[in-house]
Amino acid sequence: MAHLAPTPVLEPGQDKTMILNMGPQHPSTHGVLRVLLEIDGETIVRIMPDIGYLHTGIEKTCEAKFYQQVVPLTDRIDYLCPLTNNLCYVLAVEKLLGLEIPPKAQWLRVLMNELTRINSHLVWLGTHAMDIGAMTVFLYCFREREDILRLFEMVSGQRMMTSYFRVGGIALEPPIGFFDKVRDFANRFPACVDEYENLLTENPIWVMRTKGVATITEKDALALGASGPTLRGSGVDFDLRRDMPYSGYENFKFKVPVATEGDVFARYLCRVQEMRESIAMVRQALDGMPEGPIKADAPKVVLPDREKMKTQMEALIYHFKIITEGFAVPEGEVYQAVESPRGEMGYYVVSDGTAKPYRVHMRSACLANMQTLPKMCEGRLIADVVAAIGSIDIVLGEIDR
Amino acid sequence: MPLAPPVTDLEQLKNHPAVARLLAWNSGAVEGVKFDRDEMTVYVDRSSLRGACILLRDDAGCPFNFLSDVTCVDRFPSEPRFEVVYHLLSIPKKERVRLKVRLNGDGPAVESVTSVWPAANYFEREVFDLFGVRFTGHPYLRRLLMPEDWEGHPLRKDYPVEGYR
């Protein structure tokens, strides 16, 4: 690993500054982010993130898999919101195929996605608060996160790497009792958010550590490609779910929280409000859940039901063909973007007409968001770097892929 | 819904905001267009890419003020081998457009757009790292994901999936 050798990226510019290495095993860098800091006393002169420690070549691996086999890989990109990645990828392939997805599948996808958003925000809030020194919030957040993970386990058999969505629909009907469990959680959760807010929002220590810290202007955030709460915290009212709806989001009513200050506290408020909106959307999804099939009517793409496979010859043949040869996707290219908990998650899928994708590229929201780090931190104190890194909510798996 | 065949006729697509703007500026810059699956692709001449980006960013009617993504597709062994792909988003108009530049296999290079959108910095470094496409005028063109001393560019099609052993 050449990474182990000191990368000559930053030389002290002046005699009075020094270079400080932070990470990749630093607990507050959320994984394996390495940051090089040029400091003058406690003040940051320059900051340079060094990434790639978690690069596993997922984009290359995708080119050697059938379209369906890519879904589990997408989980592993962003392990805090696997279902958002699943959704983005299957939407892209469905767009390539021209598939129509039945309403029930779309609503279930929205339901699962909003639960994922809450799950991801809970991990963010817990770890971010712990970085800054509020230990209790972490325990509370992970208590609720556990409930969500149990819901994921109910539908998909997996707590984290769910791979629940399929090209053309959803893998399985949710089990009996699932919706009751979700409703129970949705009823309980708003009080939990109040609890977190009681601990933080008006806590003087929290406010001092976050208000006016790591500020970024609207202009800079846009130019640097920031998206999601990082962009909305700086006053840009843009959310892909509302402004360029996908997967039936146009049927849902929700507010997009926006703050104008552009500091750590503004991003905190945006995300906490998003959790409240998400749980409201989960409730809407439960109330309005349509009846009907959960898979598209496309026998050459979607695996047949188990029952049919055992009774109908044709279904058995299709099953065998899809498993062994995959399905061919018409030539073309598609860029599909969804609003992940971190911002604009985009999949660019190129097909050459065969059963394997010619190219899969993931537009990582974190990678772009991380470019705002120097603007946020330069001229500030080292302790603020920790707050800034927490506030842009990075997941290194997604950055490095 | 059955797929509509892609439209590649420039005459039919010249009213799209991005295409109209580019044609009015320099008709030689547009090498081709494609409208497929509700997505607009404009093939831009390599030498006018940066100019085209500035134009689209500053367009009063439909400002493409957000660079979503820069990536690359390797068409090995056909020539021109590389397609550098830019996904532009207009946040006020909620409109997307895809710009493409075709590059030859030997010494692929294109002008950097970091001066237009600073967001391109990491995206272009990633393309350089994984495809070996050079971006002239980039302030810091070094490997981003792979180790500094890595040989070869892994996402090229002539690079084996399991790597060289």
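The values are calculated or read from the model by the stated rules, or taken from the named source; none is laboratory data. Predicted model, so just to flag it, every value in this text is computed and none were measured. We place every Cβ from the backbone using ideal geometry, glycine too, and count neighbours over all the protein chains shown.
If I ask for residues that are in contact (Cβ under 8 Å) with a residue 40 or more places away in the chain and crowded, with 22+ Cβ neighbours inside 10 Å, which ones from segment A:153-165 would you list? A:V155, A:T162, A:Y164, A:F165, listed by residue number. Going through B:V97, B:V101, B:V116 one at a time, which residue ends up being surrounded by 20 or more Cβ atoms within 10 Å (Cβ to Cβ), away from every other protein chain (no Cβ under 14 Å), closer than 23 Å to B:R57 by Cα and touching a residue at least 12 places away in the same chain (Cβ under 8 Å)? Just one listed residue meets the conditions, B:V101. Restricting attention to segment B:135-144, which residues are away from chain A (no Cβ under 11 Å) and buried (at least 17 other Cβ atoms within 10 Å of the Cβ)? Within segment B:135-144, B:F135, B:H138, B:L141 meet the criteria. The residues of segment B:102-116 that are assigned to a strand (DSSP E or B) and out of contact with any Asp or Glu (no Cβ under 7 Å at 6 or more places or on another chain), listed by number, are B:L103, B:A109, B:V110, B:E111. The residue that is surrounded by the fewest Cβ atoms within 10 Å (Cβ to Cβ), counting only those in segment A:74-95 that are modelled with pLDDT of 90 or more and within 14 Å of chain B (Cβ to nearest Cβ), is A:K95. Only residues that are assigned to a loop (DSSP other than H, G, I, E, B), crowded, with 19+ Cβ neighbours inside 10 Å and out of contact with any Lys or Arg (no Cβ under 8 Å at 6 or more places or on another chain) were counted across segment A:319-356, and they come to 2.
For segment A:27-36, filtering for residues that are away from every other protein chain (no Cβ under 14 Å) and crowded, with 17+ Cβ neighbours inside 10 Å leaves 5. Annotation note: of A:M345, A:M313, A:M362, the sole residue that is more than 21 Å from A:Y67 (Cβ to Cβ) and in the same structural domain as A:L99 (by TED's automatic domain parsing) is A:M313.
Screening A:T56, A:T136, A:T61 for residues that are among the hydroxyl-bearing types (S, T, Y), free of Cβ contacts under 8 Å to residues at least 24 places away in the same chain and either at positive phi or surrounded by fewer than 21 Cβ atoms within 10 Å (Cβ to Cβ) (or both) leaves exactly one candidate, A:T61. Looking across B:D9, B:D69, one residue alone is within 14 Å of chain A (Cβ to nearest Cβ) and among the acidic types (D, E). It is B:D69. Applying the selection to segment B:32-53, what residues are part of a helix (DSSP H, G or I) and more than 13 Å from chain A (Cβ to nearest Cβ)? Within segment B:32-53, B:R46, B:S47, B:S48, B:L49, B:R50, B:G51, B:A52 meet the criteria.
For segment A:199-242, residues that are under 23 Å from the mean Cα position of the chain (by Cα), closer than 28 Å to B:S115 by Cα and either within 14 Å of chain B (Cβ to nearest Cβ) or acidic (D, E) (or both) total 21. The residue list B:V101, B:V84, B:V70, B:V113 contains one member that is modelled with pLDDT of 90 or more, closer than 23 Å to A:Y246 by Cα and either in contact with a helix residue (DSSP H, G or I) (Cβ under 6 Å, 6 or more places away or on another chain) or not small (G, A, S) (or both), which is B:V70. Residues in segment A:253-269 that are buried (at least 24 other Cβ atoms within 10 Å of the Cβ) and among the aliphatic types (A, V, I, L, M): 2 in all.
Within the set A:A186, A:A226, the sole residue that is closer than 22 Å to A:S364 by Cβ and either buried (at least 16 other Cβ atoms within 10 Å of the Cβ) or touching a residue at least 24 places away in the same chain (Cβ under 8 Å) (or both) turns out to be A:A226. Being surrounded by fewer than 23 Cβ atoms within 10 Å (Cβ to Cβ), within 11 Å of chain A (Cβ to nearest Cβ) and outside any strand (DSSP E or B) is a description that applies to B:P63. Whenever a residue of segment B:150-165 is among the aromatic types (F, W, Y), its partners that are assigned to a loop (DSSP other than H, G, I, E, B), lying with C-beta atoms within less than 6 angstrom and at least six residues away or across chains, give the pairs B:Y159/B:G152.
Matching residues to (1) over 21 Å from A:T372 (Cβ atoms); (2) under 13 Å from the mean Cα position of the chain (by Cα):
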{"site": "B:E95", "(1), (2)": "yes, no"}
{"site": "B:R98", "(1), (2)": "yes, yes"}
{"site": "B:V101", "(1), (2)": "yes, yes"}
{"site": "B:G105", "(1), (2)": "yes, no"}
{"site": "B:V110", "(1), (2)": "yes, yes"}
{"site": "B:R125", "(1), (2)": "no, no"}
{"site": "B:V133", "(1), (2)": "yes, yes"}
{"site": "B:P139", "(1), (2)": "no, no"}
{"site": "B:W150", "(1), (2)": "yes, no"}
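With respect to the stated conditions, A:P245 fails to be more than 14 Å from chain B (Cβ to nearest Cβ) and either assigned to a helix (DSSP H, G or I) or surrounded by fewer than 21 Cβ atoms within 10 Å (Cβ to Cβ) (or both).
Among the residues of segment A:336-353, none qualifies, meaning not one is more than 14 Å from chain B (Cβ to nearest Cβ) and either free of Cβ contacts under 8 Å to residues at least 24 places away in the same chain or of a type in the set (A, V, I, L, M) (or both). Hey, can you tell me all the residues within segment A:37-51 that are in contact with a Lys or Arg (Cβ under 8 Å, 6 or more places away or on another chain) and within 14 Å of chain B (Cβ to nearest Cβ)? Correct list: A:P49, A:D50, A:I51.
Scanning segment B:78-87 for residues that are more than 9 Å from chain A (Cβ to nearest Cβ) and either crowded, with 23+ Cβ neighbours inside 10 Å or under 14 Å from A:A368 (Cβ atoms) (or both) yields a count of 3. Taking the criterion of being modelled with pLDDT of 70 or more and either over 25 Å from the mean Cα position of the chain (by Cα) or part of a strand (DSSP E or B) (or both), the residues of segment A:7-36 that qualify are A:D15, A:K16, A:T17, A:M18, A:I19, A:L20, A:N21, A:M22, A:R34, A:V35, A:L36.
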